[in-house]
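Report on one structure; see the data block that follows.
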Amino acid sequence: MDYDRKGAKAHARAHMRGIWAAALMPFAEDLSIDEAGFRSNIDHWIEDLGIDGFFIAGKQGEFFAMSVEERKRAFDLAVSACAGRAQTIMSCSDQNMDVVIDLARHAQACGADYIVVHAPVLHFYKAQDETLLRYYETIAASVDIGIALWSHPDSGYLMSPALCNRLADIENVVAIKYSVPREMYAELTRLAGDRILVSTASEEEWLDNIIELGWQLYLCSSPPYLLQTAKDRRMRDYTDAAFAGRLDEARRIRDSLEPVRRALRDTRPAEKPHAHQKYWQGLLGQAGGAVRPPCLELTEDEKSITRAAFAACGLTL
């Protein structure tokens, strides 16, 4: 990081923009980290697809099936692979506060640009907002690196726009991945958009959020490298057109991707998102690989259905 705590918000406003993708972690057949495959993916994502930043070791990256040391190794690999060509945000989410802070300090020391910490599962229901305020204040006081909040249904609750507005006052809180209904993230944009960058993981809503809410950041999921190829960069193209004010062009390009979205969405078994996306990566020539338990692998029938939809979706290879 090349900013200090006091400059974290301004630095994020100036540099945390564009398309950021949540990296799947490729595992070899023996379930070890496929370091060469991970580096190859990042090279492709940067040089061929024009992705601006990467969310490392999050839910997509199967952090829940990795040791703390493996998560730190993933941080190191990502910083090295990006080599200044793209930015990184490291997922330090964990139920144990000591682990969160340990990961956050490692991210800061290894050269990450930002960290992200999701709202924890809570085992009590009284004074929830005050508990969460203390939770993020404790983490923020332990590091200088910019922090993105993350609220999603997996926590068992959603942080309200009013609470997130309070959290936005923390000096080094710079952004939020707000996986909530649109009316909630639109409200938070109105409340706190001057202090933090608000984003959500829905690619289908990304263009509307640029146009209607003035967003500058897609943070983030796997569509940036699952819906695109080196010869078919339509998400990059419609994003650039929107940022340049060419809105009719942006809408036309965005809408043309619907068959690809549908093929990816409709063939994904609800309980197998990681395995399905990794299989799709393999069809694209990326390193996908195996999933670790407790994630489930695709059946041969599911692979066959996915291959057929992929071949027919109109993505240019």
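The values are calculated or read from the model by the stated rules, or taken from the named source; none is laboratory data. Predicted, not measured: the structure shown is a model, and the values here were computed from it. So basically every Cβ, Gly included, is an ideal-geometry build from the backbone, and we count neighbours across all protein chains shown. Areas reflect the complete protein model, heavy atoms only, side chains present, ligands, DNA and RNA absent. Shrake-Rupley method; radii C 1.70, N 1.55, O 1.52, S 1.80 Å.
Going residue by residue through the stretch 282-294, is there one that turns out to be under 29 Å from MET66 (Cα atoms), open to solvent by less than 20 Å² (accessible area, probe 1.4 Å), more than 23 Å from the chain's Cα centre (by Cα) and not aromatic (Phe, Trp, Tyr)? Within the stretch 282-294, not a single residue is under 29 Å from MET66 (Cα atoms), open to solvent by less than 20 Å² (accessible area, probe 1.4 Å), more than 23 Å from the chain's Cα centre (by Cα) and not aromatic (Phe, Trp, Tyr).
Go through the stretch 239-252 residue by residue and tally those that are of a type in the set (Gly, Ala, Ser) and buried (at least 22 other Cβ atoms within 10 Å of the Cβ). Working first, answer last.
Let us first name the residues in the stretch 239-252 that are of a type in the set (Gly, Ala, Ser), namely 241-242, 244-245, 250.
Within this subset, residues satisfying the condition of being buried (at least 22 other Cβ atoms within 10 Å of the Cβ) are 242.
Number of matching residues: 1.
Quick one: in the stretch 1-59, which of the residues that are polar (S, T, N, Q) and under 20 Å from ARG85 (Cβ atoms) is most open to solvent (accessible area, probe 1.4 Å)? If you could, list the steps in order and put the result at the bottom.
Step one: of the stretch 1-59, the residues polar (S, T, N, Q) are 32, 40-41.
Going one step further and asking which of them are under 20 Å from ARG85 (Cβ atoms), we end up with 40-41.
Numbers: SER40: 69, ASN41: 3 Å².
Filtering first and then ranking leaves SER40.
Filter the stretch 113-154 down to the residues that are free of Cβ contacts under 8 Å to residues at least 12 places away in the same chain and open to solvent by 60 Å² or more (accessible area, probe 1.4 Å) and list them by number. It would help to see each step written out before you state the result.
Kept after step one, since they are free of Cβ contacts under 8 Å to residues at least 12 places away in the same chain, are these residues of the stretch 113-154: 123-127, 130-131, 134, 141.
The answer is HIS123, PHE124, TYR125, LYS126, ALA127, GLU130, ARG134, ALA141.
Being open to solvent by less than 50 Å² (accessible area, probe 1.4 Å), at pLDDT 95 or above, among the basic types (Lys, Arg) and within 21 Å of the chain's Cα centre (by Cα) holds for only one residue in ARG195, ARG236, ARG182, and it is ARG236. Being aromatic (Phe, Trp, Tyr) and either open to solvent by less than 10 Å² (accessible area, probe 1.4 Å) or assigned to a helix (DSSP H, G or I) (or both) is true of TRP206.
Applying a threshold of 8 Å to beta carbon distances and a minimum spacing of six or more residues, or different chains, the list of pairs starting in the stretch 5-18 at a residue that is under 22 Å from THR239 (Cβ atoms) and ending at one that is part of a helix (DSSP H, G or I) and open to solvent by less than 70 Å² (accessible area, probe 1.4 Å) reads GLY18/THR239.
Quick one: is ARG268 open to solvent by 20 Å² or more (accessible area, probe 1.4 Å) and either among the small types (Gly, Ala, Ser) or farther than 22 Å from PHE55 by Cα (or both)? No: the conditions fail for ARG268.
Just checking: which of the helices (runs of 4 or more DSSP H) contained wholly in the stretch 256-313 hold 3 or more residues that are acidic (Asp, Glu)?
Hits in the stretch 256-313: 300-312.
Beta carbons closer than 9 Å, at least 6 apart along the sequence or on distinct chains, pair a first residue in the stretch 232-246 that is under 15 Å from VAL260 (Cα atoms) with a second that is β-branched (Val, Ile, Thr) and surrounded by fewer than 17 Cβ atoms within 10 Å (Cβ to Cβ) for ASP232/THR316.
Among the residues of the stretch 69-79, count how many are open to solvent by 10 Å² or more (accessible area, probe 1.4 Å) and closer than 21 Å to MET1 by Cβ. Don't jump to the end; show me each part of the working.
Residues of the stretch 69-79 that are open to solvent by 10 Å² or more (accessible area, probe 1.4 Å), as a first pass: 69-70, 72-73, 76, 79.
Narrowing further to those that are closer than 21 Å to MET1 by Cβ: 72-73, 76, 79.
Qualifying residue count, the stretch 69-79: 4.
Every condition in (1) in a helix (DSSP H, G or I); (2) within 27 Å of HIS118 (Cα to Cα) is met by ARG195 except one, and the failing one is (1). Scanning the stretch 53-60 turns up one or more residues that are on the phi < 0 side of the Ramachandran plot, polar (S, T, N, Q) and in contact with a helix residue (DSSP H, G or I) (Cβ under 8 Å, 6 or more places away or on another chain).
Quick one: would you say LYS231 is closer than 25 Å to ILE42 by Cβ, surrounded by fewer than 16 Cβ atoms within 10 Å (Cβ to Cβ) and not polar (S, T, N, Q)? Walk me through how you get there before you give the answer.
Working: closer than 25 Å to ILE42 by Cβ: yes; surrounded by fewer than 16 Cβ atoms within 10 Å (Cβ to Cβ): yes; not polar (S, T, N, Q): yes.
Taking the combined requirement at face value, the residue satisfies it.
In this structure, does TYR225 turn out to be part of a helix (DSSP H, G or I), open to solvent by less than 10 Å² (accessible area, probe 1.4 Å) and closer than 28 Å to ASP34 by Cβ? It would help to see each step written out before you state the result.
Details: part of a helix (DSSP H, G or I): yes; open to solvent by less than 10 Å² (accessible area, probe 1.4 Å): yes; closer than 28 Å to ASP34 by Cβ: yes.
Yes, satisfied.
Scanning the stretch 156-177 for residues that are open to solvent by 10 Å² or more (accessible area, probe 1.4 Å) and in a helix (DSSP H, G or I) gives PRO161, ALA162, ASN165, ARG166. Evaluate the stretch 163-176: report whether one residue or more is touching a Cys at 6+ places or on another chain (Cβ under 8 Å) and in contact (Cβ under 8 Å) with a residue 12 or more places away in the chain. Yes, the conditions are met somewhere in the stretch 163-176.
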